[in-house]
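Only one structure is covered here, and it is reproduced in the block below.
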Amino acid sequence: MHTTHREKPDAEAGGQPTPEGNHAAASLYDFMVVSNRLPVDRCAPEDSGCEDGWRRSPGGLVTALAPMMTKTDGAWVGWHGAPDETITPFSHGGMDLVPVQLSNDDVELYYEGFSNATLWPLYHDVIAPPEFHRTWWDSYRKVNRRFADAVVQHADHGATIWVQDYQLQLVPKMLREARPDLKIGFFNHIPFPPPEIFAQLPWRRAIIDGLLGADLVGFQRSSDAGNFMRSARRFLGASVKQQQVHVKGANGETTHIARAQAFPISIDVKQISELARKPEIIERAQQIRRDLGSPKTILLGVDRLDYTKGIRHRLKAYEELLADGKVTVEDAALIQVASPSRERVEQYRLLREEVEGTVGHINGTYDTMQNTAVRYLHHSYPVEEMVALYLAADVMLVTALRDGMNLVAKEYVTARTNNDGALVLSEFAGAADQLKQALVMNPHDIDGLKDTIMRAVDMQPAEASRRMRSMRKQILDHDVDLWSADFLAALKEKVVRDDS
Ligand code: F6P
């Protein structure tokens, strides 16, 4: 995608260069991505993966957007992960970054509170009970305004702005009010709940109204787009025709048409495929297997340590398979990478205690001097190590109870350049819509999950190859560049008004 940016007149260009990054001259951009987090987070030298005070931010959103942003001239607006630290716009990894500051209070109320203890559980099937607090909502509004202001300050006339995810649902309307010249897109990386659940939110109207400020609202699955439109109809009385809403201004005039549509996100196929073919990564995968005592089967789970990921269900099923003697620690090893996430949010603290207690119990019961049942790693790893793990794993376990997409599933399939290996995939992950040749199952059904794990462990090479080829074709034909290109092309499309 080609975009441009121009320097701002001197008087408007404020700020000091950061010590670690190159200072990006204050600019006006004709393309901007806005997300809660920047692609890099502040870190201390002793943190793993920290280079020059920065490390890659967690989560699928960054995995998906970074490849596009390194190829454009646009800017990325977001929080840099350090409360109360003011940083001026800078460049990093070939991207122009515009930091938005959050105070300690903002982190507690807007990020940990409203985003991750109200919206996150509400949008993920209320797996954990959402909490509703008016102080959190006030902070959410205030911080959304701050993100919108940062865009307004840096967007050129007629710029395209692409707002990301549930933390910033009020930003589209704020932008439209301040800058009607902008083209505004929004993409929700997580599920959008059915109106019957969304109804619980005391501020449901304001959220729908905020999102309808966009010209195009993108979702992972068509069921998410459908849920959103049903909520628009039910809670705002919007008249929805063919996934379009004619949005009215204060005087009842149509200001614009907002559309909702599914755009299933994907991964940087080229990056993962190239890494998977590198001799040193192949060697590292073999080393991992040797380090585990060369078991016949390596099973792998890779998740942020989040209650939506079904880690407890996976461990329960695995423990029962060990108890039943269907797998033994000599023949099989389960690696569970659980990257640290949202550690100050109560539900995440409880989950960590529970998962670590369960792993300790399983290992205490089944380990031998030579073999460990579950190799549990509470770390984040660089992509090279992740690809080595994907290559080492005969069976990948994605058992999410609800997940917008799950890019780990797509990365695993892409790394299997020999067309071997088996993917066990939850029907509640968006990826199940595309990866139909995975072993799709319901993670709440522990017996079903156990049977599916055993089907994967025992799968014959011919069947594995047939399934993997078909899944690889799907992903190779739909990589993340196509995702962003499709969304941005749809955003540009002229919408025909049907006022009848
Ligand atoms: O896609 C879901 C998401 O919340 C992203 O918005 C985010 O970047 C990622 O998961 C990681 O979460 P967090 O930024 O809260 O660590």
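The values are calculated or read from the model by the stated rules, or taken from the named source; none is laboratory data. Note that the structure is a prediction, hence the values are computed from the model and not measured. For neighbour counting, all protein chains shown are included, and Cβ atoms are generated from backbone atoms with ideal geometry for every residue, glycine included. Keep in mind that these areas ignore ligands, DNA and RNA; they rest on the heavy atoms of the full protein, side chains included. Shrake-Rupley method; radii C 1.70, N 1.55, O 1.52, S 1.80 Å.
What order, most packed first, do the peptides 282-292, 478-488, 106-116 have when packing is the mean number of other Cβ atoms within 10 Å of each residue? All intermediate terms of the calculation are to be shown ahead of the outcome.
Working: 282-292: 15.1, 478-488: 18.4, 106-116: 22.0.
The densest-packed peptide leads the list: 106-116, 478-488, 282-292.
Rounded to the nearest 0.05, what FRET efficiency is calculated for Leu476 and Asp447 with R0 set to 41 Å and r the Cβ-Cβ distance? Walk me through the intermediate numbers first.
Values: r = 35 Å, r/R0 = 0.84.
Efficiency computed from Cβ-Cβ geometry: 0.75.
Stretched out fully, how many nm does the piece from Asn104 to Gln243 gain, at 0.36 nm a residue minus the Cα gap?
Details: separation 139, 0.36 × 139 = 50.04 nm, distance 3.95 nm.
Taking 0.36 nm per residue and subtracting the Cα distance, the gain is 46.1 nm.
Largest first and to the nearest Å, give the Cα extent of the stretch 87-230 along each principal axis.
Per principal axis, max minus min of the Cα coordinates gives 40, 34, 30 Å.
Find, among the trypsin sites (Lys or Arg not before Pro) in the stretch 322-412, those assigned to loop by DSSP (not H, G, I, E, B) with at most 11 other beta-carbon atoms within 10 angstrom.
Numbers: sites: Lys326, Arg342, Arg344, Arg349, Arg352, Arg375, Arg402, Lys410; in loops: Lys326, Arg342, Arg344, Arg402.
Filter output for the stretch 322-412: Arg344.
I'd like the antiparallel share, as a percent to the nearest 5, of DSSP beta bridges with both residues in the chain. Present the calculation step by step, with values, prior to reporting the outcome.
Numbers: 19 of 67 bridges.
Counting DSSP beta bridges with both partners in the chain, the antiparallel share is about 30 percent.
Suppose every Lys and Arg Cβ carries +1 and every Asp and Glu Cβ carries -1, with no other charges. What dipole size does the chain come out with about its Cα centre, to the nearest 20 debye? Don't jump to the answer; show the numbers that get you there.
Working: 57 positive and 69 negative charges, 292 e Å.
So the dipole magnitude of the chain works out to roughly 1400 debye.
Over the stretch 254-302, give the accessible area per residue in Å² for a 1.4 Å probe, as an integer. Present the calculation step by step, with values, prior to reporting the outcome.
On the way: 2200 Å² over 49 residues.
For the stretch 254-302, the solvent-accessible area averages 45 Å² per residue.
Distance from a point 7 Å along Cα→Cβ of Tyr381 to each backbone N in the stretch 315-334: keep the residues under 18 Å and list them by number.
332-334
Restricting to DSSP loop positions (anything but H, G, I, E, B) with no more than 15 other Cβ atoms inside 10 Å of their own Cβ, which GluC sites (Glu not before Pro) remain in the stretch 130-221?
On the way: sites: Glu131, Glu177, Glu196; in loops: Glu131.
When the GluC sites (Glu not before Pro) of the stretch 130-221 are filtered for loop state and at most 15 Cβ neighbours within 10 Å, Glu131 remain.
To the nearest 500 deg cm²/dmol, what mean residue ellipticity at 222 nm is calculated for the chain from DSSP H runs of n ≥ 4 alone, each contributing -39,500 (n - 2.57), summed and divided by the residues? Please report the intermediate quantities before stating the final value.
On the way: 16 runs with 188 residues, N = 500.
My calculation for the chain gives -11500 deg cm²/dmol from helical runs alone.
Express the carbon and sulfur contribution to the solvent-accessible surface of the stretch 269-478 as a percent, rounded to the nearest whole number, probe 1.4 angstrom. Don't jump to the answer; show the numbers that get you there.
Working: 4210 of 8790 Å².
Carbon and sulfur: 48 percent of the exposed surface of the stretch 269-478.
For the stretch 269-478, state the average projected area of the convex hull of the C-alpha atoms over all orientations, rounded to one decimal in nm². Don't skip to the end; give the middle numbers.
Numbers: hull surface 42.9 nm².
Projected over every direction and averaged, the Cα hull of the stretch 269-478 covers 10.7 nm².
Would you grab the residues whose amide H sits under 5 Å from the one on Ala159? Only those 5+ places off in sequence or on another chain, please, with H modelled 1.01 Å from N.
Lys183
Based only on Cα atoms, what mean projected area does the convex hull of the stretch 66-147 have, in nm²? Don't skip to the end; give the middle numbers.
Details: hull surface 25.6 nm².
Average projection, Cα convex hull of the stretch 66-147: 6.4 nm².
Could you do me a favour and compute the accessible area per residue for the stretch 430-473, 1.4 Å probe, result in Å²? Mind dumping the intermediate values first?
On the way: 2150 Å² over 44 residues.
On a per-residue basis, the stretch 430-473 sits at 49 Å².
What net charge do the residues around Trp136 carry, taking every other residue with its C-beta under 13 Å from that of Trp136, with Lys and Arg at +1 and Asp and Glu at -1?
Details: positive: Arg134, Arg141, Lys142; negative: Asp105, Asp106, Glu108, Glu112, Glu131, Asp138.
That sum, taken over residues with Cβ under 13 Å, equals -3.
Compute the angle between helix 446-457 and the longest alpha-carbon principal axis of the chain, please, reported from 0 to 90 degrees and rounded to the nearest 10.
Relative to the chain, helix 446-457 is tipped by roughly 70 degrees.
Under the rule of at least 5 residues apart or a separate chain, name every residue whose amide H is placed under 5 Å from the amide H of His92.
Answer set, sorted by chain and number: Leu97.
Given R₀ = 22 Å, what would the calculated FRET efficiency be for Glu330 paired with Thr417, taking r from the Cβ atoms and rounding to 0.05? Walk me through the intermediate numbers first.
Details: r = 29 Å, r/R0 = 1.31.
The computed FRET efficiency comes out at 0.15.
Ignoring solvent entirely, what values of log10 I(q)/I(0) come out of the Debye formula for the chain at 0.06, 0.09, 0.13 Å⁻¹ when each Cα is a single scatterer?
So the normalised log intensities are -0.28, -0.63, -1.30.
Restricting the calculation to Cα positions, tell me the Rg (one decimal) and the Dmax (whole number) of the stretch 154-282 in Å.
Every Cα atom of the stretch 154-282 included, Rg and Dmax give 17.5, 65 Å.
Using a 1.4 angstrom probe on the protein heavy atoms only, line up Tyr376, Tyr348, Tyr381 by accessible area, largest first.
On the way: Tyr376 50, Tyr348 5, Tyr381 70 Å².
Ranked list, largest accessible area first: Tyr381, Tyr376, Tyr348.
What is the Cα centroid distance between the stretch 468-486 and the stretch 284-311, reported in whole angstrom?
Their Cα centres are 25 Å away from one another.
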